[in-house]
Ligand code: WTA
């Protein structure tokens with residue numbers, strides 16, 4: 001029993017050792033004591049990283065919504081499950097109790113059924129951060145449909161790619177969304193996306209901004225009247241442990257986005273267990289994660305992890321700067337938030353505004369602060385620690401990924417002594433290691449290498465939707481029998497890990513993963529562009545910003561470069577979304593290439609970082625003369 005909630009460092013080490021030496025016994029006990037099963041498993045774990053094939057709790061039967069909702073009703077029916085804080089602070093917050101959540105999820109599930117959605121069907125959810133987003137996700141899980149949430153900042157093209165990749169038959173969206181002082185025409189984006197999605201038979205539309213939108217007859221339905229007519233009872237579909245729960249797309253270094261597939265039982269057990277410990281969640285705490293449910297952080301630590309613990313979780317529709325930069329702190333004071341989980345990019349943006357906005361609010365309710373999504377730099381860490389946590393609330397710098405499903409390396413607050421910029425120690429059950437470039441494991445401390453995980457954990461993604469080979473190639477081929485994260489890390493003298501950043505062609509901008517290949521494809525769509533290469537460069541607030549080197553086609557005409565820059569960014573916005581816009585665009589006559597024709601990104605990165613004193617070995621370049629041209633024309 002005590003293993004479920006770690007309270008001091010010695011206990012951490014003790015439980016950690018058990019989780020590593022007897023993983024099956026360890027996870028079996030956690031699963032047995034803290035969840036509701038329709039049938040227990042026949043086997044706790046079977047795995048083979050060479051295939052790769054990973055199965056947890058095989059043979060078990062359950063429904064995750066019974067664990068997140070139904071089982072709490074007897075003791076927590078009147079407790080608030082979700083606090084919805086709208087974009088506009090003048091609009092009242094909504095408190096949804098577990099009883100209400102139960103009814104609303106069931107009604108929504110019945111509406112999905114009435115639209116013909118069945119177990120195993122894929123449902124695309126393209127919604128802003130309103131209660132219907134969490135409810136639709138849970139409604140899918142209730143009936144065994146696989147949700148695929150697409151972040152509502154993605155463009156029509158990005159949305160249609162994702163809808164088609166997983167063959168979604170239905171889309172749930174809204175008439176629009178609020179974002180600070182602006183509104184966004186989400187339904188218009190869906191209409192455009194669906195022009196190239198033949199498999200979508202119906203669209204359910206939530207009324208949020210009451211705008212006048214086009215409703216395609218026979219295809220589009222307002223949600224509310226359907227909900228009003230639906231029963232509030234819906235028996236949960238009984239799922240196998242390894243049935244897919246959801247697909248969530250993440251950028252890859254090459255090719256189209258990868259639909260990471262998460263399954264039911266392991267994901268539930270691990271997200272619930274990490275939530276409890278990483279946030280030291282106690283009954284009556286009010287937990288707030290500022291992420292969007294369109295990302296993995298929102299799936300695991302706004303919806304599933306908190307609700308599986310019967311917690312109160314805040315859903316915030318707005319942005320940190322609206323109506324002013326005090327909004328986060330106003331919400332903390334208003335709802336007496338105890339755990340606050342956000343991204344370094346937000347911390348840096350708020351730190352830049354000074355203390356005026358912070359001092360206006362009472363932050364004494366806070367107990368634990370969290371950080372996620374990208375490395376947190378020293379300055380941001382101290383600002384957060386000193387001014388928000390008042391040096392009393394530990395910062396949990398949580399490292400993990402869409403692929404890992406749950407938090408992997410993190411301090412446990414009040415247990416693990418924190419260290420600025422360090423994610424510190426592996427969570428219970430997680431066995432990290434560092435590898436060198438030649439494929440050898442790096443032992444000892446005070447070392448740096450590529451971060452891998454050598455043993456399965458319950459919430460790891462099981463495959464890439466429709467492309468198991470790519471799953472194997474991306475994660476299990478770089479190092480034999482190890483999961484490769486794509487991140488670099490160092491391990492200090494006591495064994496604490498610090499994540500140093502991506503070692504592949506994924507760039508994290510404001511906490512969002514962007515693959516350079518997809519952006520280059522978009523840039524190359526411009527009729528004047530012959531070729532392009534995108535790299536990241538350091539940015540005060542975003543962490544990284546994007547730098548594009550662009551070669552124009554030689555048409556003999558002269559073009560206005562500023563107009564071209566705008567047009568290129570417009571194309572990126574249409575293909576991916578505004579998050580992928582380039583901060584700098586340099587037009588160049590050529591790109592440095594190896595003899596085999598590969599772009600030498602290492603050199604382009606150095607130039608973008610303004611670090612040209614030592615470009616390293618350029619002797620293998622096919623065209624060393626372009627370097628001079630590039631360096632002389634840095635914008
Ligand atoms: C990065 C987000 C440093 C890392 C949960 C990882 C981090 C990628 C941290 C996954 C952290 C996430 N410190 N880097 N605490 N957390 N990252 O899939 O590069 O959106 O591989 O999942 O974010 O991003 P994703």
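The values are calculated or read from the model by the stated rules, or taken from the named source; none is laboratory data. If you're wondering where the values come from, they're calculated on a predicted model, not measured in any experiment. Cβ sites come from the backbone with ideal geometry, for glycine too, and all protein chains shown count toward neighbours.
Points to keep in mind about this one:
- Tabulated pairs, the range 482-504, first in contact (Cβ under 8 Å) with a residue 40 or more places away in the chain and under 17 Å from residue 544 (Cα atoms), second more than 11 Å from the ligand (Cβ to nearest atom) and part of a loop (DSSP other than H, G, I, E, B), C-beta under 7 angstrom, 6+ apart or interchain: 504/253
- Residue in the range 162-177 that is surrounded by 21 or more Cβ atoms within 10 Å (Cβ to Cβ) and assigned to a helix (DSSP H, G or I) present: yes
- Residue check for residue 412: touching a helix residue (DSSP H, G or I) at 6+ places or on another chain (Cβ under 8 Å), crowded, with 20+ Cβ neighbours inside 10 Å and touching a residue at least 60 places away in the same chain (Cβ under 8 Å): yes
- Filtering the range 27-46 to residues that are within 22 Å of residue 403 (Cβ to Cβ) and surrounded by 14 or more Cβ atoms within 10 Å (Cβ to Cβ) leaves 27, 30, 31, 44, 45.
- Of all residues in the range 419-438, exactly one satisfies the criterion of being in a loop (DSSP other than H, G, I, E, B), closer than 14 Å to residue 486 by Cα and modelled with pLDDT of 95 or more, namely 436.
- Residues located in the range 150-170, provided they are touching a helix residue (DSSP H, G or I) at 6+ places or on another chain (Cβ under 9 Å) and within 19 Å of residue 237 (Cβ to Cβ): 168, 170
- Among the candidates 472, 482, residue that is touching a strand residue (DSSP E or B) at 6+ places or on another chain (Cβ under 7 Å) and away from the ligand (no atom under 12 Å from the Cβ): 482
- Per this entry, residue 296 is counted among residues that are closer than 24 Å to residue 34 by Cα and within 13 Å of the ligand (Cβ to nearest atom).
One line per residue, one yes/no per condition, for (1) closer than 27 Å to residue 386 by Cα; (2) crowded, with 18+ Cβ neighbours inside 10 Å:
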{"site": "403", "(1), (2)": "no, yes"}
{"site": "416", "(1), (2)": "yes, yes"}
{"site": "427", "(1), (2)": "yes, yes"}
{"site": "437", "(1), (2)": "no, no"}
{"site": "440", "(1), (2)": "no, no"}
{"site": "456", "(1), (2)": "no, yes"}
{"site": "486", "(1), (2)": "no, yes"}
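- Scanning the range 276-307 for residues that are surrounded by fewer than 23 Cβ atoms within 10 Å (Cβ to Cβ) and closer than 18 Å to residue 265 by Cα returns a single hit, 276.
- Consider the range 350-392 and keep the residues that are in contact (Cβ under 8 Å) with a residue 40 or more places away in the chain and away from the ligand (no atom under 16 Å from the Cβ). The one that is farthest from the chain's Cα centre (by Cα) is 365.
- Among helices (runs of 4 or more DSSP H) entirely within the range 1-106, having at least 2 residues that are closer than 30 Å to residue 178 by Cα singles out 64-68.
- Of 168, 234, all but one fail to be at pLDDT 95 or above and within 23 Å of the chain's Cα centre (by Cα); the exception is 168.
- Only listed residue being within 30 Å of residue 392 (Cβ to Cβ) and without any contact (Cβ under 8 Å) to a residue 40 or more places away in the chain, chosen from 418, 443, 424: 418
- Among the residues of the range 488-506, those that are surrounded by fewer than 19 Cβ atoms within 10 Å (Cβ to Cβ) and in a loop (DSSP other than H, G, I, E, B) comprise 492, 493, 494, 495, 503, 504.
- The residue list 412, 407 contains one member that is away from the ligand (no atom under 11 Å from the Cβ), under 19 Å from residue 4 (Cα atoms) and either part of a helix (DSSP H, G or I) or modelled with pLDDT of 95 or more (or both), which is 412.
- Being farther than 24 Å from residue 118 by Cβ, out of contact with any strand residue (DSSP E or B) (no Cβ under 8 Å at 6 or more places or on another chain) and assigned to a loop (DSSP other than H, G, I, E, B) is a property that does not hold for residue 253.
- Checking 337, 332 one by one, the residue that is more than 13 Å from the ligand (Cβ to nearest atom), within 13 Å of residue 279 (Cβ to Cβ) and not assigned by the TED database to the domain that holds residue 455 is 337 and no other.
- Residue 516 closer than 15 Å to residue 258 by Cα and within 12 Å of the ligand (Cβ to nearest atom): no
This table checks each residue for (1) under 19 Å from residue 5 (Cβ atoms); (2) within 19 Å of the chain's Cα centre (by Cα).
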residue: 416; (1), (2): yes, no
residue: 428; (1), (2): yes, no
residue: 433; (1), (2): no, no
residue: 442; (1), (2): no, no
residue: 462; (1), (2): no, yes
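Condition check ((1) over 30 Å from residue 590 (Cβ atoms); (2) not in a loop (DSSP other than H, G, I, E, B)) across all residues:
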{"position": "473", "(1), (2)": "yes, yes"}
{"position": "508", "(1), (2)": "no, yes"}
{"position": "522", "(1), (2)": "no, yes"}
{"position": "531", "(1), (2)": "no, yes"}
{"position": "534", "(1), (2)": "no, yes"}
{"position": "548", "(1), (2)": "no, yes"}
{"position": "554", "(1), (2)": "no, no"}
{"position": "567", "(1), (2)": "no, yes"}
{"position": "570", "(1), (2)": "no, yes"}
